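S.K.: Mind having a look at this structure? Questions to follow.
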Amino acid sequence: MTPAQRCVIGVDLGGTKTAAGIVDDTGRLHASEFRPTPAAAGAAAILATAVGLVASLLAQARTADMLPVAVGIGSAGVIDAAAGSVVSATDSLTGWAGTPLAAHLAQHSGLPAYAVNDVHAHNLGEHWVGASAGADSSLLVAVGTGVGGSLILGGAPHLGARAVAGHVGHLASPAAYDDGGRPLPCSCGRAGHLEAIASGPSIANLYRRLAGRDPGTAREVAARAAAGEPPAVRALALGAAAAGQAVGGLANVLDPSIVVIGGGMAAAGELWWLPFRSALQAELMDPLAGLPVVPAALGSSAAVVGAAKIALDRMRIPETTSA
Ligand SMILES: [Zn+2]
């Protein structure tokens with residue numbers, strides 16, 4: 001009899017949906033499921049949704065004669081990866097700060113569980129089997145509902161001394177000002193940050209100011225831009241250029257082997273990518289002219305796959321036991 005194939009249940013817990021999948025130890029995703037995150041219902045409800053998904057996928061893995069060895073979770077918020085707990089979170093996940101995420105999932109699954117911030121999980125997934133596979137170092141910037149980032153050095157994400165490293169959205173941006181020169185308010189409570197001009201909701205706000213009507217969502221702005229509507233083209237371009245300028249500056253600081261761009265805005269097509277690339281190139285120092293800047297390759301499964309990877313990596317550390 002051949003031994004059962006090892007697998008990890010990877011979980012991607014975001015403000016809108018929670019996804020989970022069976023990931024084998026080569027990075028292949030075998031099955032996945034998702035449910036809406038009950039984001040306003042508090043930590044107990046959010047955890048119960050994750051526990052339910054993990055239980056469903058554990059059952060599927062065992063039916064398929066696979067051997068689940070751990071659970072890995074990438075979660076929105078500032079995550080203390082060593083403790084597996086939530087340090088802080090925005091209002092998009094009510095009551096999420098202080099949640100002992102990994103310990104709770106370990107208790108309910110009977111397996112060791114590990115947690116990390118979802119953008120680091122996204123970057124790990126791309127670095128394992130996606131757009132930056134094999135690169136020495138990789139900077140991932142995700143531009144979507146928020147703006148997040150992650151730097152992989154030596155095969156692991158740089159988490160920082162207080163688990164905050166990677167918050168690219170809260171870099172000051174010279175573009176994040178209104179017509180009167182006032183800094184635009186940011187989701188972190190401060191103002192003038194990149195997220196206040198480049199995120200999807202910020203691009204929708206920009207369109208509202210330029211066109212004088214409510215676009216609904218950034219997706220709608222992108223659709224109007226694709227149809228040639230000038231205020232939509234301009235809103236998308238201003239957000240994209242702000243992101244490009246910030247990523248160019250970060251590349252000057254960090255000199256990563258490759259830059260990977262993910263998130264919903266990066267999926268908006270050339271009307272986003274052209275102003276993004278133009279602003280980025282204008283910022284880069286000469287030796288960085290050939291820096292590869294590529295779209296993410298794994299789509300919505302990247303953080304599920306990367307969350308599984310963090311579990312596999314952490315399990316190799318003998319003193320780490322969560323059970
Ligand atoms: Zn901010």
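S.K.: Taking each pair of distinct Cα atoms in region 135-296 once, what is the resulting Kirkwood hydrodynamic radius in Å?
M.R.: When all Cα pairs of region 135-296 are included, the Kirkwood radius is 15.8 Å.
S.K.: Which value, in debye to the nearest 20, gives the size of the charge dipole of the chain about its Cα centre, when Lys and Arg are +1 and Asp and Glu are -1 at the Cβ?
M.R.: Working: 18 positive and 22 negative charges, 93 e Å.
Computed charge dipole of the chain: roughly 440 debye.
S.K.: As I understand it, the dipole of region 37-194 uses +1 on the Cβ of Lys and Arg and -1 on the Cβ of Asp and Glu, about the Cα centre. Which of GLY180, THR99, ALA55 lies farthest toward its positive end?
M.R.: Going by the charge dipole, the pick is THR99.
S.K.: Please report the spacing between the Cα centers of region 1-75 and region 138-211 in Å, no decimals.
M.R.: Region 1-75 and region 138-211 have Cα centres separated by 29 Å.
S.K.: Amide H to amide H, which residues 5 or more places from ALA70 or on other chains are under 5 Å from it, using H placed in the peptide plane?
M.R.: Distant-sequence amide H within range of ALA70: ILE9.
S.K.: Shifting gears a bit: VAL221: net charge of surrounding residues, Cβ under 13 Å, Lys/Arg +1, Asp/Glu -1, itself excluded?
M.R.: For residues surrounding VAL221, the net value is +3.
S.K.: Students sometimes get this wrong: rank TYR177, TYR114 by accessible area, probe 1.4 Å, all chains present, largest first.
M.R.: TYR177, TYR114
S.K.: How about region 209-303: which trypsin sites (Lys or Arg not before Pro) there are in a DSSP loop, with at most 14 other Cβ atoms within 10 Å of their Cβ?
M.R.: In loop regions of region 209-303 (DSSP not H, G, I, E or B), the sparsely surrounded trypsin sites (Lys or Arg not before Pro) are ARG213.
S.K.: Related question: Give me the percent relative contact order of the chain, please, defined on Cα pairs under 8 angstrom at least 6 residues apart.
M.R.: Reported relative contact order: 20 percent.
S.K.: So if I average 1/r over every pair of distinct C-alpha atoms in the chain and take the inverse, what Kirkwood radius in Å does that give?
M.R.: Its Kirkwood hydrodynamic radius stands at 20.0 Å.
S.K.: Something else about it: Compute from the Cα atoms of region 176-228 the Rg and the Dmax, the latter being the longest Cα-Cα distance, and quote both in angstrom.
M.R.: Rg, Dmax (Cα atoms, Å): 11.4, 35.
S.K.: With both bridge residues required to lie in the chain, what share of the DSSP beta bridges run antiparallel, to the nearest 5%?
M.R.: Around 55 percent of the beta bridges assigned by DSSP in the chain are antiparallel ones.
S.K.: What 222 nm value per residue comes from the helices of the chain, counting each DSSP H run with n ≥ 4 as -39,500 (n - 2.57) and dividing by all residues, nearest 500 deg cm²/dmol?
M.R.: Only helices count here, giving -12000 deg cm²/dmol.
S.K.: For the residue pair ARG28 and ALA97, what label-to-label distance in nm results when each label sits 7 Å from Cα along the Cα-to-beta-carbon direction?
M.R.: About 4.4 nm separates the two model spin labels.
S.K.: Diagonalise the Cα gyration tensor of region 20-108 and give the resulting equivalent ellipsoid semi-axes, square root of 5 times each eigenvalue, largest first, whole Å.
M.R.: Largest first, region 20-108 gives 25, 14, 11 Å.
S.K.: If you don't mind, there's one more thing I want to ask. Beyond 12 Å, what share of the Cα-Cα pairs of region 242-292 is found? Please give it as a whole percent.
M.R.: 62
S.K.: Follow-up question, since we're still on this one. Between SER300 and GLN5, with labels modelled 7 Å along Cα→Cβ, what's the label distance in nm to one decimal, could you check?
M.R.: Using points 7 Å along Cα→Cβ, the separation is 2.3 nm.
S.K.: Between LEU274 and CYS188, what length comes free when the chain is fully extended (0.36 nm per residue of separation minus the Cα-Cα distance, one decimal in nm)?
M.R.: Length difference between fully extended and current span is 28.1 nm.
The values are calculated or read from the model by the stated rules, or taken from the named source; none is laboratory data. The structure presented is a predicted model; accordingly, all values stated were derived computationally and were not measured. Virtual Cβ from ideal backbone geometry, glycine too; neighbours counted across all protein chains shown. In case anyone asks, the SASA skips ligands and DNA or RNA and just uses the protein heavy atoms, side chains included. Shrake-Rupley method; radii C 1.70, N 1.55, O 1.52, S 1.80 Å.
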